[in-house]
1. Counting only residues 5 or more places away or on other chains, whose amide H sits under 5 Å from the amide H of Gly303 once H atoms are built in the peptide plane?
2. Tally Lys/Arg at +1 and Asp/Glu at -1 over every other residue whose Cβ is under 14 Å from the Cβ of Lys258; what's the total?
3. At q = 0.08 Å⁻¹, what base-10 log of I(q)/I(0) does the Debye formula yield for the chain when every alpha carbon is treated as an equal point scatterer in vacuo?
4. What is the angle, in °, between the Cα long axis of helix 89-102 and the longest principal axis of the Cα atoms in the chain? Nearest 10 is fine, range 0 to 90.
5. Work out from phi, with θ = phi - 60° and the Karplus expression 6.51 cos²θ - 1.76 cosθ + 1.60, the ³J(HN,Hα) of each residue of the range 60-68, listed in order in whole Hz, and give x for Gly and Pro.
6. For a quick check: with amide H placed at 1.01 Å from N, whose amide H comes under 5 Å from Gly10's, ignoring anything fewer than 5 positions away on the same chain?
7. Placing unit charges on C-beta atoms (Lys and Arg positive, Asp and Glu negative, everything else neutral), compute the dipole magnitude of the chain about its Cα centre in debye, rounded to 20.
8. Before rounding to the nearest 500, sum -39500 (n - 2.57) across all DSSP H runs of length at least 4 in the chain and divide by the residue total; then give [θ] at 222 nm in deg cm²/dmol.
Amino acid sequence: MSKEPVAVVGIGQTRHVAARRDVSIAGLVREAAQRALRDAEVTWADVEAVVIGKAPDFFEGVMMPELYLADALGAVGKPMLRVHTAGSVGGSTALVAANLVAARVHGTVLTLAFEKQSESNAMWGLSLPIPFQQPLLAGAGGFFAPHVRAYIRRSGAPGTVGSLVAYKDRCNALKNPYAHLHEHDITLEKVQASPMLWDPIRYSETCPSSDGACAMVLTGRAGAARSPRPPAWLLGGAMRSEPTLFAGKDFVSPQAGKDCAADVYRQAGIADPRRDIDAVEMYVPFSWYEPMWLENLGFAAEGEGWKLTESGATALDGDLPVNMSGGVLSANPIGASGMIRFAEAALQVRGQAGAHQVEGARRVLGHAYGGGAQFFSMWLVGSEPPDS
């Protein structure tokens, strides 16, 4: 029996900010869920199951919050699943929900991811010594900076590439009302003059710490036919993982990322991603990861990703726009960040991205990674169903 085609018919986000003091975790997730339901024009009664995800629980200091969120998400008496794959969890959560629809286990599923980092201290949480593991050294930036330096050595990229990415994404964020950072006075010179945090990563080249949530309503062909607005159709989706550390691991371009992208392209019939994909919402918490992931995902040859960035190809008006929403560099509620990438991809092919819409976007990739560049989740969505 063939899989049920999966459609995104509802999308909802909160405004992402440093601290949402006005709501509890339950209030935060319900806000995003209600917006997704309104977009789909369905009710809580239409939802058959809920799939929720977030990053490590010590980011808020609340263990297993899903146990008390069922009431806020209309899931009392319904199946409710929790997903966790570190920073990629938002993408993985959406894929688990999509698979429930594709397998015809449930007809309509609400999927949601969130983080309320103001409840705790993520920097502290990411700096704990872990036995037999490489130390993180003051947060994720301390872990990833050596990988960025390795990329620069390999590729010969000029030191200005990171600032170009950061400036582009922060400018894009000004067109996105949900983005955390709206720096109206941003200039390339200000990015390049910002303090060095983890060489070569500057303050303005790193992501903020955000509170926020994102939700989507996924359904099959019958549900899509009832949708008041054009759906986004899932053309391919995959997850891959590998250990944090092992002999021969390529931290610059992890094999799991390559394999994940290849699986998505195979499902969607993509022969040349550079030609066949119109835009990308990519998980870039530190600006240098844009050229690194361009290579890892097959949009550029090894050592050539930075040239795409430098040429302006990844700008909003370029021929391969990347992070039209402002990306993780402009809003980072960690558990939700991957789902936001997936949801923003869906908004693009639905023609609902507002001021950061890419004209004529028909196939858009959503990408997330997490842990020590070890967990990957991706989906490709299109404006037409997969069998059309």
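Only the coordinates and a few stated rules stand behind these numbers; no lab work does. If you're wondering where the values come from, they're calculated on a predicted model, not measured in any experiment. For neighbour counting, all protein chains shown are included, and Cβ atoms are generated from backbone atoms with ideal geometry for every residue, glycine included.
1. none
2. -3
3. The Cα Debye sum returns log10 ratios of -0.36.
4. Once rounded, the angle reads 30 degrees.
5. Along the range 60-68, the couplings run 10, x, 10, 7, 6, x, 4, 5, 10 Hz.
6. The list, which skips near neighbours in sequence, is Val217.
7. Dipole size: approximately 320 debye.
8. Theoretical 222 nm ellipticity from helices: -9500 deg cm²/dmol.
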